[in-house]
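Report on the following structure.
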There are 2 protein chains.
Amino acid sequence: MVIFEGKTDIFGGITVRSESYNKVTDLKQSIRDSLSEWKSKAIRGIWFHVDIKDSWWIPVLVDEGFIFHHAQSNYVMLTKWLPEKEENTLPRYPFTTIGVAGLVANNAGDILLMKERRGNYLGWKYPGGAAEPNEDIFDAGIREVFEETGIQTKPICILCFRHFHGFRYKDNSDLYFVCVMKPVDENQIELNPCPRETSACCWMSREEIAKLPQEEFHNFHRSILERYDKWLASGRKGCHAEQFNVPELKKQKKSLLSTNSKSKITTYYTLHIYGYGERVPYAPNRRRK
Amino acid sequence: MVIFEGKTDIFGGITVRSESYNKVTDLKQSIRDSLSEWKSKAIRGIWFHVDIKDSWWIPVLVDEGFIFHHAQSNYVMLTKWLPEKEENTLPRYPFTTIGVAGLVANNAGDILLMKERRGNYLGWKYPGGAAEPNEDIFDAGIREVFEETGIQTKPICILCFRHFHGFRYKDNSDLYFVCVMKPVDENQIELNPCPRETSACCWMSREEIAKLPQEEFHNFHRSILERYDKWLASGRKGCHAEQFNVPELKKQKKSLLSTNSKSKITTYYTLHIYGYGERVPYAPNRRRK
């Protein structure tokens, strides 16, 4: 029989990866023997990272009391919590999607609006969509506005965001950020929307917007426009992104900044903090893509 | 053989649930026959929602070219994209965790700080932690500050938030919101932290904080305190939560507010928008729990 070995974590758990084992002749018995061993050592959370090519392991692990934790395209992570008298404290997998929309006005004060080709709401809306992995909020806004309208923009600030529960899957939520943005070239008025996503797209005057019936321009979008006007009147305060350097946490143990030890590597990287400090020019972060 | 039936979606896809089938004698052939049928009908994205008790389906689906989309504790969702000449446009599962911290000051201006029992950073920090499913940002802040320190607080505003990529799992990110909060009872100074999570907890004066070395109070936390001082000096502007009613999107088709049709039910529900409008008193949303 195999007693599985895996990576231990600071929370008293262990992660076994199926790819580390070429051939396991009696998987069921190996799991049982390993569980006995781990229980005797007071190990807490067991994680099995099952590669898609080893997916026959999944029903065997389920038979031994494992449940699913999460999956990405090429693996399923299963878990089992061993302490009998302690509540399960394994961290949850993310359950929040990030959406970003651009409230783009041109020099004349017209607002950039579009209509989706498919979806639950088919009236006019601000161009926008889901952020991609490792994408900053402003970068997602720039990309989505360009994809849906053909207009290159730069971000000014985050105007507001909405926290919405019950989105798409059970217990999932959505954060929808509305960014004030302006065209890079104020003279570019020509639109070039993606025909697969966009069924209509235009610069619309405030008078035209005011005349739209509710089913063509939802109250939610209208309230954002009211908020934009308040923001304009307030002297352009808003939530800006600032670059900030923090040391890499993962490379170090106990203490964060103990650079006096030669064996430890302190890697600094840059992240964005969105807040009310001094505004710095926004530099789209292409490095992480 | 069985030709699977499932729920169609507005994007031209279909979702099959394993629980709908008591017994499938030849699963492999049934999947193959169903795929042929769906291809002939130009169906786009195929989704298989496999209940944990049917997890023996998973390796069979993988053999037929399905990949994992996501999993929750009791099921795995697998997908296959059928159009051969079109890019896969199936939406991604969430990849962002939400964390909330409370910057709590008492009447004397002392700041509430704590130290985690386990983690990568074991210096002083603001109390906080991961939001739970369906939990609003301020509710998460109230709960986490209470769990980690025993202090009941009310939220004032969101001071700033950090967007951090590469968090825990591949391609995962984290949004960490810092809320300005004040004690419900300004005279409550006694702390009552959770011993499993908290190793130390105190009200610390600004003078004491200034003397802490970097490894005991990270520059990131110090920068938040600087931002807090700017916010205090600015006359208390910040990102507030407002309640806002929007109609339920899912109950309706084509147009959002067509309440003239008797067959359609318009359900209004409340959500919070975080932004710079008129401030309304924050009412914790217990309804959704």
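No value in this document is a laboratory result; all are computed from the given coordinates. The structure presented is a predicted model; accordingly, all values stated were derived computationally and were not measured. Glycine gets a Cβ as well: all are built from the backbone with ideal geometry, and neighbour counts include every protein chain shown.
Using the 7 Å Cα-to-Cβ label point, sort the distances from A:R92 to its equivalents in the other copies shortest first and give them in nm to one decimal.
Here A:R92 shows inter-copy label distances of 2.0 nm.
Which shape class, rounded, prolate or oblate, goes with region B:7-81 when its Cα gyration tensor gives a ≥ b ≥ c as root eigenvalues, a/c under 1.5 marks rounded, and past that a/b bigger than b/c marks prolate?
Oblate, since a/c reaches 1.5 and b/c is not below a/b.
Across region B:85-90, in residue order, what do the Karplus-derived ³J(HN,Hα) couplings come to in whole Hz, using 6.51 cos²θ - 1.76 cosθ + 1.60 with θ = phi - 60° and x for Gly and Pro?
Karplus-based 3J(HN,Hα) across region B:85-90 equals 9, 10, 5, 5, 10, 5 Hz.
When each copy gets a label point 7 Å from Cα toward the beta-carbon at B:V2, what are the spacings between them in nm, shortest first?
3.1
If packing is taken as the mean number of other Cβ atoms within 10 Å per residue, what is the order of A:146-154, A:12-20, highest first?
A:146-154, A:12-20
B:L232 to B:I10: extension gain in nm, 0.36 nm per residue of separation minus the Cα-Cα distance?
Between B:L232 and B:I10, full extension yields 75.0 nm more.
For a quick check of your reading of the filter: which trypsin sites (Lys or Arg not before Pro) in region A:169-214 sit in a DSSP loop and have no more than 15 other Cβ atoms within 10 Å?
Those that pass, being in a loop and sparsely packed, are A:K170, A:R196.
Could you give, in nm with one decimal, how far A:P213 is from each other copy of that position, shortest first, with labels 7 Å out from Cα toward Cβ?
Nearest first, the other copies' label points are 7.1 nm away.
Given a cut-off of 25 Å, name the pairs among B:K7/B:K41; B:K23/B:K80; A:K115/B:K80; A:K230/B:K182; A:K170/B:K41; A:K41/B:K170 whose C-alpha atoms lie farther apart than that in the structure shown.
Flagged as over cut-off: A:K115/B:K80; A:K230/B:K182; A:K170/B:K41; A:K41/B:K170.
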